[in-house]
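The numbers here are math on the coordinates, done by the rules we state, and not lab data. None of these values were measured; they are calculated from a predicted model. Cβ placement follows ideal geometry from the backbone for every residue including glycine, while neighbour counts extend to all protein chains displayed.
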Amino acid sequence: MAFSAAKLNNIAGSMGLSNVWVYTETDTAIATIKAANYFANAGRHAVRVGDIIFLVGSDAMGLGYFTALTATTSTIATVTAL
């Protein structure tokens, strides 16, 4: 599936510091969710480079942070299985 803003929730962050997000996509594998460009348009929803994200997929959970984010590209680094 493609990124859905409805499945993205901000759980912490303010005053210009990194935000912490949770993204839950229970019918998509974690490898797909953490792949390059999956979150390409997430910047439209206040996600920024440096923000931390918890990922929940159909087969695993992970933790990472955004290292690149534009209208057409995104990169999540250091995604660790939980």
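Screening residue 80 against (1) surrounded by 14 or more Cβ atoms within 10 Å (Cβ to Cβ); (2) of a type in the set (Val, Ile, Thr); (3) assigned to a strand (DSSP E or B) leaves a single unmet condition, (1).
Search the stretch 45-61 for residues being of a type outside the set (Asp, Glu) and assigned to a loop (DSSP other than H, G, I, E, B), and hand back the single one that is surrounded by the most Cβ atoms within 10 Å (Cβ to Cβ). It would help to see each step written out before you state the result.
Step one: of the stretch 45-61, the residues of a type outside the set (Asp, Glu) are 45-50, 52-58, 60-61.
Right, trim to assigned to a loop (DSSP other than H, G, I, E, B) and you get 46-50, 57-58, 60.
On the way: 46: 13, 47: 21, 48: 13, 49: 14, 50: 12, 57: 19, 58: 12, 60: 15.
Only one residue fits best here, namely 47.
So, residue 22, is that one in a loop (DSSP other than H, G, I, E, B), under 10 Å from the mean Cα position of the chain (by Cα) and among the aliphatic types (A, V, I, L, M) or not? Answer is no for this residue. Restricting the stretch 40-78 to residues that are over 11 Å from the mean Cα position of the chain (by Cα) and charged (D, E, K, R) leaves a set whose member that is nearest to residue 9 (Cα to Cα) is 44. Checking each residue in the stretch 27-39 for being in contact (Cβ under 8 Å) with a residue 12 or more places away in the chain, within 11 Å of the chain's Cα centre (by Cα) and either surrounded by fewer than 17 Cβ atoms within 10 Å (Cβ to Cβ) or part of a strand (DSSP E or B) (or both) picks out 36, 37.
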